[in-house]
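Participant: I'd like to ask some things about the structure below.
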Amino acid sequence: MAFAGPIFGMPFSLEGFVFFVEAIFLGIYLYGWDRIPPRAHWAAGVLIALSRVLSAAFVLIANGWMNTPTGVRFRGWSSRTLSVCARPSLGRPGSR
């Protein structure tokens, strides 16, 4: 994890955030069945679907980076990361 942690942690931390958003709106959707207005119930369902798609996309982005890693500079032959550029790391050809 010391080698790929700074790069691999970025999409998985975003996936974790989206997972918690999904869990919150799933709770609102299920436990608010008779307690919230129908429009709010529908909006919670849409946000659940959106967060599931985003969660799957972030997992696929992490997998795409594992297949074709870019956007990282290393210091010599050591495994220490010098810099991480988010754009090439998240916009992988392998994750499209």
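Participant: Once R0 is set to 41 Å, what does the formula 1/(1 + (r/R0)^6) return for the Cβ-Cβ distance between Asn63 and Leu26, expressed as a FRET efficiency to the nearest 0.05?
Facilitator: It comes to 0.95.
Participant: With θ set to phi - 60°, apply the Karplus curve 6.51 cos²θ - 1.76 cosθ + 1.60 along the range 41-47 and write out the HN-Hα couplings as whole Hz, x wherever there is a Gly or Pro.
Facilitator: Residue by residue, the range 41-47 yields 5, 5, 5, 5, x, 5, 5 Hz.
Participant: Using R₀ = 41 Å, calculate the FRET efficiency as 1/(1 + (r/R₀)^6) where r is the Cβ-Cβ separation of Phe8 and Asp34; round to 0.05.
Facilitator: 0.45
Every read-out reported here was derived from the displayed coordinates using simple, explicitly stated rules and does not represent laboratory data. This one's a predicted model, so the numbers in the text were calculated from it and none came from an experiment. All Cβ positions, even for glycine, are placed from backbone atoms using ideal geometry, and neighbour counts span all protein chains on display.
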